[in-house]
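Participant: To start, I am sharing the structure in question, which I have written as structure tokens.
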Amino acid sequence: MRHEPHFVDQLFSGEEISVGRRIAMNIIEANPDQPRSILGDLSDLKASIEAKGVLEPILVRPREDGRYTIISGERRFRAAMEAGLSDIPCIVLDVSDAEVLEIALIENLQRKDLSPLEEADGYLTLQEKHGYTHEQIARAVGKSRVTITETLSLARLPLRVKDECRRADIRSKSFLLEVGRLPTEPAMLDAILAFGSEAGVGRDAVRSARRDVESGEPSRFRSLRKAYELNFQPPNAEYAVSLVFRGSATDRGEILESLRSLLRKIETGELNLEDHGRFLKTASPKAVTDGTPQGPAPR
């Protein structure tokens, strides 16, 4: 779909708008609103720059203090820094804050460099920081209003769900949209973590899971979550302690609390180890916590 002429199409139509020059690296800074949060491996780009230089200028914006902010081309800039360049070819554009973000979004979308969550965060910045409506965002980036509205819904995903999406490097927007329609955060996490399991899941499976959760059925993804195992065996000991948990979202605090809870149950007798087919000699809490072997123990 082609929209009416946009300022991006006219950036180079007038000499007063854009100027090309080489600018010292030490007076150029990254854009804090850069929609792309992960720049990826720069080794190949660095090698290319070392061999042939920067072939495509980066876009920058002048600041009142004489420095420049990157509009687009941060990967080239970072790779040029690693290659040891002292200056870099730039196109200087005198544009507004909102236009800076628009250009960065458009360039990354055209290159397909943005993840769905990065795209959503970029649209959200245009909406909340610059007052854009969904229709205005759609015109700016050349997408339909429905697409913008759907993508913006991903910005409302719980923070922990977003973190797991990034950790799993999920780039399927249709899958994430279905995850966002699940009614609870635990159900969302189950789906995300199952995505990284050997079985794998897709959009249709998430739709079915949503119907399960809405009808009160247990999540079908919980059994697919990848199992992680933490093992500890003191030197020269005849026993080992294993803790199995599911999902990379389990943090250090949860693991420590699980271990403390297990110790409390052993010390109070709530957990009878003999009932588990093993015999454990009476040991002091210190002996248990510091890993000193006190006799046969459950594995």
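Participant: So, in segment 128-184, how many residues would count as being over 21 Å from residue 195 (Cα atoms), exposed (fewer than 14 other Cβ atoms within 10 Å of the Cβ) and of a type in the set (S, T, N, Q)?
Facilitator: 2
Participant: Say whether the condition of being basic (Lys, Arg) and in contact (Cβ under 8 Å) with a residue 40 or more places away in the chain is met by at least one residue in segment 112-128. Break it down into steps so the answer makes sense when it comes.
Facilitator: Narrowing segment 112-128 to residues basic (Lys, Arg): 112.
Those still in the list that are in contact (Cβ under 8 Å) with a residue 40 or more places away in the chain too: none.
Checked segment 112-128: no residue is basic (Lys, Arg) and in contact (Cβ under 8 Å) with a residue 40 or more places away in the chain.
Participant: Which ones in segment 24-82 are of a type in the set (Ser, Thr, Tyr) and modelled with pLDDT under 90?
Facilitator: Going residue by residue through segment 24-82, those that are of a type in the set (Ser, Thr, Tyr) are 37, 43, 48, 68-69, 72.
Those that are of a type in the set (Ser, Thr, Tyr) and modelled with pLDDT under 90: 37, 43, 72.
The values are calculated or read from the model by the stated rules, or taken from the named source; none is laboratory data. The shown structure was predicted, so the numbers you read here are calculated from the model rather than taken from an experiment. A quick note on method: Cβ atoms are made from the backbone with ideal geometry, for glycine too, and the neighbour counts reach across all protein chains shown.
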